[in-house]
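The structure appears right after this line, and notes come after that.
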Amino acid sequence: MPVLARNGRGAAVVSGAGSGIGRAVALMLAGTGFDLVLVGRREEMLLSTARPLEKMALVDCIAGDLLDPKTSERVRDCLLYCWGLVHTTDRIVLVNSVGTAEFGPFVETSVDSIRAQIEVNSVAPLLLCHALLPHMLRVGGGDIVNISSVAALTTLANSAAYSAGKAALHSASKVLAAECRGRGVRITSLLLGATDTPLWDNQSFVPDRKEMISSRSVAETVRSILNMPADCYPDELLLTPPKGVL
């Protein structure tokens, strides 16, 4: 079996790692000693993230539909059996940055888009949590950071389906945090204000992207969460741009 974590910190799974926040988080984690499993729909984008990291970390890419439980099972099997974690107590980190959005009036939003926004933003990350949490609890160590949105807490017109998906993820994350409290596994809901990512590329209305949070800043916030003392459980954190909700 391969030797885990040449740099010694453990293994990290990053969903939505092909671009934006996921790519920035993957770069940060590789630079701080984690080996990586990058997960997303498009293999070519995962590989573009992975190539610059291969000199710093052991990197695997798993491309697949994150709404298919088999994709999450492949991630679990990669860590536990291919990487040999099943009999170790190595720390596992999961950062769920997968997400999608189509902003606009609800009555003009297609049924397929409504379903996709709710499911990709909530069900997809929760399936990865479901696959990896049992091992984290068994070894008594791990962190999950679920990237949610200020839209989960604030009424933002033209974002009904997106807000519903992010609110579901936020609520589920807090429940999981309560269930895992005191068991060595921390679950954080990271609620972001407007962040400069490719999510905005095809929207009909886009605030000034220069006023948004950068993906790199989100990655540094994830680093801070992971480095919190073991007796601190950061259940939720709200991060906004300097001007607040744009």
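The values are calculated or read from the model by the stated rules, or taken from the named source; none is laboratory data. For clarity, every value in this text was computed on a predicted model and none was experimentally measured. Heads up, the Cβs are rebuilt from the backbone with ideal geometry, glycines too, and the neighbour counts pull from every protein chain shown.
Miscellaneous remarks
- Subset of region 127-161 [free of Cβ contacts under 8 Å to residues at least 12 places away in the same chain and not charged (D, E, K, R)]: PRO134, THR155, ALA157
- Selected residue (criterion: surrounded by the most Cβ atoms within 10 Å (Cβ to Cβ)) from residues of region 10-43 that are out of contact with any helix residue (DSSP H, G or I) (no Cβ under 6 Å at 6 or more places or on another chain) and among the charged types (D, E, K, R): ASP35
- Yes/no for ARG115 being basic (Lys, Arg) and closer than 23 Å to THR197 by Cα: yes
- Lone qualifier among ALA50, ALA57, ALA12 - being at pLDDT 95 or above, small (Gly, Ala, Ser) and closer than 23 Å to THR89 by Cα: ALA12
- Scanning region 187-219 for residues that are more than 30 Å from GLY141 (Cα to Cα) and of a type in the set (Gly, Ala, Ser) yields ALA194, SER204.
- Residue ID - surrounded by the most Cβ atoms within 10 Å (Cβ to Cβ), chosen from residues in region 44-99 that are of a type in the set (D, E, K, R) and in a loop (DSSP other than H, G, I, E, B): ARG91
- Region 100-113: number of residues that are of a type in the set (A, V, I, L, M, F, W, C) and either surrounded by 15 or more Cβ atoms within 10 Å (Cβ to Cβ) or closer than 17 Å to ARG138 by Cβ (or both): 2
- Members of region 182-210 found to be farther than 19 Å from ALA12 by Cα, of a type outside the set (S, T, N, Q) and in contact with a strand residue (DSSP E or B) (Cβ under 9 Å, 6 or more places away or on another chain), listed by number: LEU191, LEU192, GLY193, ALA194, ASP196, ARG209, LYS210
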